[in-house]
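Peer 1: Starting off with a structure, shown below.
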Amino acid sequence: MELQAKVRSYIENNLVVFEENVQFSDDDNIFERGFVNSLFAMKLLNYIEQDFGITVDNEDLDIANFSTVNNIVSLIEKKRSGVS
Amino acid sequence: MNTKTRSIEAYRRQLVEEAHVFADREIRPFAADFDERGQLSKDLIGKMAERGYLSASFPERYGGLALDPVHYGLFTEVIGKACCNVRTLITVNTSLIGETLLRYGTEEQKNEWLPKIASGEKVGAFALSEPLVGSDAKNVQTAYRREGNKYVLNGKKKWISFGDLADFFIVIAGDRGQVTAFLVERTQGDITSTPIQGMMANRASHIAEIEFKNVEVPAENVLGPVGGGFAYIVSTALDHGRYSIAWAGVAIAQEAVNAMVAYARTRSQFGERLHQHQLIKGMIGDSITQLHAARALCRKAGELRRDRDAEAVIETSIAKYFASKAAMQLATDNVQIHGGNGISNQYPAERLFREAKVLEIIEGTSQLQQQMISDYGLQKYFVKRPNLSEERSGH
Ligand SMILES: Cc1cc2nc3c(=O)[nH]c(=O)nc-3n(C[C@H](O)[C@H](O)[C@H](O)COP(=O)(O)OP(=O)(O)OC[C@H]3O[C@@H](n4cnc5c(N)ncnc54)[C@H](O)[C@@H]3O)c2cc1C
């Protein structure tokens, strides 16, 4: 699965809105839209570090880096390429 | 399992067994006294530190015993069986504070604080709850503002375990919607702690209200990212706290079972031992079933945590919810089986009963666990099916 789809699928599995036809774009802020609960930031961080084998430093823990599919993908790509 | 893994396993099992012996000798005989006097002995804290019991899950380089989550859980159980207050000291210092520092602390912060927690030189407290803010922790009113290279804290915290004894605090504070965590030393400024009297349980956990008045904290004492105090620090601390409390529930449940079995085998009414009465058998049977189920959930959560599985957080919440509820139920049934003696402080039953209730309230109340577990299940167990009405009408 490509990165974008993998991240999207992880978020979809953790949504806390239960309408069948809920949709969000890759630029939607999932926290502001109330799509995930308060545990999600920590879970997402654990998932990213574990599944992609990267370490996210405190400087990168800005919630904005985790708030949209695109931002999460950018963060993973940045970390993977070793640019910090 | 290879030989090396097996020997590490055996070593960890042995550490837990030693802790068991220690708890039976050095803690259990004094538990009622701690509860009555409302304080723990400094001497005991020293003895525990010497053995690495304040840092059982920390890596050895910080003075810990490097127990993996499963063995750390078993360790928590043996301490919790002996005394809830001593277990609380471990929950707060090792799980809430230590584990969060290990995860988010800078190298300097880890080197500064973890060895001091391990050696008992410094006792910490986790200051989140407030007089007006409990479950809705994102809205803490304790405020911080940045001034140059430091932060200034103002506000009141309430129900803080070991708050009256602590040398330092992790303080959760807010600034215009942002929540940040700070490592604050008691000597850092105008910090007053007032012990809270009249507690039903956790009477020797030095629970206090704490007031911070214009306390200046250097920027390097921010724990985790600025603005990440809730999303990362509180979430992580409470996740570890819940794991500890789950095992604390197993501990109380096991104590309750041991006590009800012993009592039912010795006391007679109507010319028969209590255990010979069917209704008592029913209670004992149910209790043992609950106990085993609680332990199985805790073990599973421990294994997932050890394997860094993504489901570990939710399974921990499930284990905490179930085990705390089981502890309350079993402690209640234990009092029931003891009859009048269950109400008297001549037996441990009443203390277990009081202590059990706390577990359903701290580290996220049962209602908040239900909410999290339900959110998880509504997603995970939703089976998508084709829309039948559309199919039937031929669309
Ligand atoms: C012995 C003890 C030790 C403690 N130690 C510490 C400590 O070391 N550090 C610390 O920071 N805090 C500590 N606390 C505080 C503890 O974390 C809080 O008591 C707990 O979070 C609940 O908050 P509250 O008491 O304000 O209750 P509230 O949040 O006011 O809740 C009251 C009731 O309403 C329910 N409720 C609230 N919101 C909802 C909702 N959305 N849906 C359904 N029901 C809801 C709750 O489940 C509860 O039943 C301690 C408390 C105790 C009793």
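Peer 1: For segment B:230-380, what is the convex hull volume of its Cα atoms per residue in Å³?
Peer 2: 113
Peer 1: Now a separate question. Using only the alpha carbons, work out the radius of gyration and Dmax of segment A:1-51 in angstrom.
Peer 2: When restricted to the Cα atoms of segment A:1-51, Rg and Dmax are 10.9, 30 Å.
Peer 1: Can you pull the mean other chain C-beta count within 10 Å for peptide A:35-46?
Peer 2: Rounded to a whole number, the mean comes out at 6.
Peer 1: For helix A:40-52, report the angle its Cα long axis makes with the longest principal axis of the Cα atoms of chain A; keep it between 0 and 90° and round to the nearest 10°.
Peer 2: 50
Peer 1: Could you calculate the contour length gain from B:Glu9 to B:Ala32, that is, 0.36 nm times the residue separation minus the distance between their Cα atoms, to one decimal place in nm?
Peer 2: Extra length available between B:Glu9 and B:Ala32 comes to 4.9 nm.
Peer 1: Okay, next question. Taking the Cα-to-Cβ direction at A:Val17 and at B:Asp24 and moving 7 Å from each Cα, how far apart do the two end points lie in nm?
Peer 2: Once both label points are built, they end up 5.7 nm from each other.
Peer 1: Using a 1.4 angstrom probe on the protein heavy atoms only, line up B:Trp159, B:Trp247 by accessible area, largest first.
Peer 2: Result, largest first: B:Trp159, B:Trp247.
Peer 1: Where does each of B:85-91, A:45-51, B:293-299 land if you order them by average Cβ count within 10 Å, highest first?
Peer 2: Ranking the peptides B:85-91, A:45-51, B:293-299 by packing returns B:85-91, B:293-299, A:45-51.
Peer 1: For B:Arg385 paired with A:Asp57, estimate the spin-label separation in nm (one decimal), with each label point 7 Å from Cα along the Cα-to-Cβ line.
Peer 2: 5.3
Peer 1: Just in segment B:115-179: which trypsin sites (Lys or Arg not before Pro) are loop by DSSP and have at most 16 other Cβ atoms within 10 Å?
Peer 2: In loop regions of segment B:115-179 (DSSP not H, G, I, E or B), the sparsely surrounded trypsin sites (Lys or Arg not before Pro) are B:Arg176.
Peer 1: Here's something else I'd like to know. How big, on average over all directions, is the shadow cast by the Cα convex hull of chain B, in nm²?
Peer 2: 26.0
Peer 1: Let me know the charge dipole size of chain A about its Cα centre in debye, to the nearest 20, where only the beta-carbon of Lys, Arg (+1) and Asp, Glu (-1) is charged.
Peer 2: 200
Peer 1: Wrap a convex hull around the Cα atoms of the protein assembly as shown, take a quarter of its surface area, and give that in square nanometres.
Peer 2: Average of the hull's projected areas for the protein assembly as shown equals 28.0 nm².
Peer 1: Quick one: if the Förster radius is 30 Å, what FRET efficiency do B:Thr365 and B:His292 give, using the C-beta to C-beta distance and rounding to 0.05?
Peer 2: It comes to 0.75.
Peer 1: Using label points projected 7 Å from each Cα along Cα→Cβ, tell me how many nm separate A:Glu49 and B:Arg146, to one decimal.
Peer 2: About 2.4 nm, to one decimal.
Peer 1: Translational D (Stokes-Einstein, µm²/s) of segment B:3-122 at 4 °C and 1.567 mPa s when Rh comes from the Kirkwood sum over C-alpha pairs?
Peer 2: The estimated diffusion coefficient comes to 89 µm²/s.
Peer 1: Where does chain B land at 222 nm, in deg cm²/dmol rounded to the nearest 500, when only DSSP H runs of n ≥ 4 count, each adding -39500 (n - 2.57), divided by all residues?
Peer 2: So the calculated ellipticity at 222 nm is -16000 deg cm²/dmol.
Peer 1: Measure off, as a whole percent, the carbon and sulfur share of the 1.4 Å-probe accessible area of segment B:67-187, all protein chains present.
Peer 2: Carbon and sulfur together cover 45 percent of it.
Peer 1: Report the Stokes-Einstein translational diffusion coefficient (µm² s⁻¹, integer) for segment B:126-226, Rh taken as the Kirkwood radius over Cα pairs, at 25 °C with viscosity 0.890 mPa s.
Peer 2: 181
The values are calculated or read from the model by the stated rules, or taken from the named source; none is laboratory data. Since the model is a prediction, treat every value here as computed from it, not as a measurement. Heads up, the Cβs are rebuilt from the backbone with ideal geometry, glycines too, and the neighbour counts pull from every protein chain shown. In case anyone asks, the SASA skips ligands and DNA or RNA and just uses the protein heavy atoms, side chains included. Shrake-Rupley method; radii C 1.70, N 1.55, O 1.52, S 1.80 Å.
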